[in-house]
Each structure stands twice: as C-alpha cells, then as structure tokens.
C-alpha cells in the first residue's frame, strides 16, 4: 500500500509536468496571414537588396503603385526617404501582426541597415481581394536597440 508521502510526490510531479507543458506552449504558432505578411515584407526587402525595382514595386499596395506610377519613381522615393529599409541587412519580426480595421494589419519589425544602425519599422499591410498581402505604408521610428 502506498504511503501518503508517495502520493504527494506523485501529485507534485504531475503538477510540475503540467506546468512545464503549459510553458512550452505559451507561444502560439503564427497564423497563415502572419506568415504571408512576413514573407511579403522580407521579399520586398530582398528585392531592394537586389535592386530589382519591378519586384519591389509589385509588393506595394495598389494605392502606392498609383501614387508612384513606375518602379523607378518608387525606388527613388525609397532610396531617398527609407534608407534603412532599402539597405536592410537584417530584419526581425518580434511580434505577430496586429489587426487594425477590415483588411489592414500593422506589422512591427526591427531592421539593421548597412551601417549597423538599428531601426524600428511599422508596416501597414493590406489584404487584397485575391487573398495576397501588399504593403500599404511604412513608418520608421528611432530604435535604441543595439543588436537584433
């Protein structure tokens, strides 16, 4: 017959095992939309690095494409006003995208540019009627992060 001490040890082990399981599952897997949003941003950054204006322009939302009209104008604006994005050497997605209003999400990222400086970028992402994601805007913020 088991002693009470043995039963309490088993209960303690069960509680510890349950707590460990909960801690291991505290990070939910990313949604399909989060993965697609991250892929879209990363692909545009890769297009900038390759100096492929046509590819980078394809990731812009229709409103941005209408505003800048050509990949050349778009690339000139990015080079002039979004240098950290254009010359990003590293990108980190620290949190999932946050829903704003119907079809719009906000994705925060940290970038390291070619000079080693870190920047925070907030991307406004727009879901298209075909289910794809396009970049509707980007807001750069100062970052005091040293390394990402």
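Only residues that are touching a helix residue (DSSP H, G or I) at 6+ places or on another chain (Cβ under 8 Å) and in contact (Cβ under 8 Å) with a residue 24 or more places away in the chain were counted across the stretch 77-125, and they come to 19. Here residue 62 passes the criteria (1) in contact (Cβ under 8 Å) with a residue 60 or more places away in the chain; (2) touching a helix residue (DSSP H, G or I) at 6+ places or on another chain (Cβ under 9 Å) except the one numbered (2).
Kindly establish whether residue 131 is surrounded by fewer than 16 Cβ atoms within 10 Å (Cβ to Cβ), over 14 Å from residue 41 (Cβ atoms) and out of contact with any strand residue (DSSP E or B) (no Cβ under 8 Å at 6 or more places or on another chain). Criteria met by residue 131. Only residues that are under 21 Å from residue 122 (Cβ atoms) and part of a loop (DSSP other than H, G, I, E, B) were counted in the stretch 42-61, giving 2.
Step by step: first the residues of the stretch 62-108, then only those that are part of a strand (DSSP E or B) and closer than 18 Å to residue 119 by Cα, then the one that is farthest from the chain's Cα centre (by Cα). Which residue is that? Per the stated criteria, the residue is 90. The number of residues in the stretch 33-56 that are over 18 Å from residue 83 (Cβ atoms) and in contact with a helix residue (DSSP H, G or I) (Cβ under 6 Å, 6 or more places away or on another chain) comes to 2.
Computed from the coordinates by the stated procedures, all read-outs in this text should not be read as laboratory data. These numbers were taken from a predicted model, which means no experiment stands behind them. Cβ atoms come from the backbone with ideal geometry, glycine included; neighbour counts cover every protein chain shown.
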